[in-house]
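Input: a single structure, listed below in structure tokens.
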Amino acid sequence: MAKKMTMADIANLSGVGKSTVSRYFNGGYVKDETRAKIQKVIEEYNYTPNAFARLNAKQSNVIGVVVPTLNSKITSRVITSIDRYLREKGYTTLIQNSDHDIDRELQNIQRLIQLNVDGILISSIAITKDHKELLKKAGIPVVVLTQDYEDGISIIYDDYHAGKTIGEYIGKKGHQKVGYIGVYETDQAVGIERRNGVLDGLKEYGITPVTGKSDYSFIGGQTVTRELLERESDLDAIICATDRLAFGAYKILHEHKKRIPEEVSVAAFGGYDESTLLTPELTTLKFDSYGMGYLGAETILKMITGEPVSKKQIVGYEFIEGGSVRS
């Protein structure tokens, strides 16, 4: 295997000192003539500097991204969009996974600040007092995704109106005994805003659902579905805060020999590709996750260069009518 080229090699081939090459990559002053020599060697040998070696520079060209999980279709879409956009602009993405742990999320943010990244995109679990204090002291541009951050810049999904759309849809279809599987209120966007939208949509049709709370897992969806059926054995519809929770609901409804949608309708949020493989195909609401990532990346780079940005941007959604809700 060929030896990986180093900055020392670049210096030798260019006929300059290693410190000069370091200043070149770190954005320091280098004479035009010397810069041209270094650039010629870089192009000739197709050299790419190690991103981590540049994190001590004034401008690292590295953007930190904090996400709640890597095990999510929505998150993967957001990350993919962010990485593509930043790569095209000459930036490297450094991803930190919080695994739905708020303390770990705070640690990840702190670690990225210490690594001297140029900016941070946070797909946040929640915005707590500790988050606000940390972000206020960050000293670098920060964009919060998916949660409304009143003290800074945020890009959010329209969770309330999305929830209301599904609630009204289930009400219009004539359902009366409805269950709702939500997530815990620590997630302001999904646990509160989305839930409130669903409840208000159902309320317009005189429906007060039985509700349960879960984490974001397939097993959690199964557990809460069992609980709802124990409380209301003749439910005629179940709304789930995410598609993954709906997967769990499907499993338990099949175990109870309840036909979807003839006996129990199911609707959810997410628009996962796998949802089209269910029988019947899941009725779901798909958020523009790629748009979320694109806007986040575009906004953070504008902040880095001092361009004005909107305090809050709202990403839209698309209703996907599958076959899991009875006509």
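The values are calculated or read from the model by the stated rules, or taken from the named source; none is laboratory data. Since this is a predicted model, take the numbers as computed values, not measurements. Here Cβ is always computed from backbone atoms with ideal geometry, including for glycine, and neighbour counts include all displayed protein chains. Side chains are part of the model used for accessible areas, which takes the heavy atoms of the whole protein and leaves out ligands, DNA and RNA. Shrake-Rupley method; radii C 1.70, N 1.55, O 1.52, S 1.80 Å.
Values as computed for the structure displayed
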quantity: Accessible-area composition of the stretch 208-266, carbon plus sulfur, in percent [1.4 Å probe]; calculated: 50
quantity: Residue 39-residue 69 pseudo-label distance in nm [points 7 Å out on the Cα-to-Cβ vector]; calculated: 4.7
quantity: Solvent-accessible surface ranking, highest first, for 286, 89 at 1.4 angstrom; calculated: 89, 286
quantity: Taking the convex hull of Cα positions in the chain, its mean projected area over all directions (nm²); calculated: 19.8
quantity: Violating pairs (Cα-Cα greater than 28 angstrom) within the set 164/251; 213/311; 177/213; calculated: 213/311
quantity: Point-charge dipole on Cβ atoms (K/R +1, D/E -1) for the chain, about Cα centre, debye to 20; calculated: 1140
quantity: Apportionment of accessible area to carbon and sulfur, the stretch 103-163, percent (1.4 Å); calculated: 44
quantity: Dipole axis of the stretch 52-177 (+1 Lys, Arg; -1 Asp, Glu on Cβ), positive-most option in 152, 80, 139; calculated: 80
quantity: Beta bridge orientation in the chain: antiparallel %, DSSP, nearest 5; calculated: 10
quantity: Dipole of the chain [Lys/Arg +1, Asp/Glu -1 at C-beta], most positive-end residue of 126, 47, 324; calculated: 47
quantity: Net charge dipole size for the stretch 87-215 [Lys, Arg +1 and Asp, Glu -1 on Cβ; Debye, nearest 20]; calculated: 280
quantity: Length-normalised contact order of the chain in % [C-alpha pairs under 8 Å, at least 6 apart]; calculated: 15
quantity: Stokes-Einstein D in µm²/s, Kirkwood radius over Cα pairs - the stretch 178-275 at 4 °C with 1.567 mPa s viscosity; calculated: 98
quantity: Rounded accessible area per residue of the stretch 267-327, 1.4 Å, Å²; calculated: 47
quantity: Average projected area [Cα convex hull, the stretch 54-148], square nanometres; calculated: 5.7
quantity: Span from the the stretch 181-216 Cα centroid across to the the stretch 71-147 one, whole angstrom; calculated: 26
quantity: Of 283, 300, 256, farthest towards positive along the dipole that unit charges on Lys, Arg, Asp, Glu beta carbons give the stretch 256-322; calculated: 300
quantity: Cα-projected label distance for residue 184 with residue 290, points at 7 Å along beta-carbon direction, nm; calculated: 3.4
quantity: Kirkwood Rh (inverse of mean 1/r, distinct Cα pairs), the stretch 124-252, angstrom; calculated: 15.6
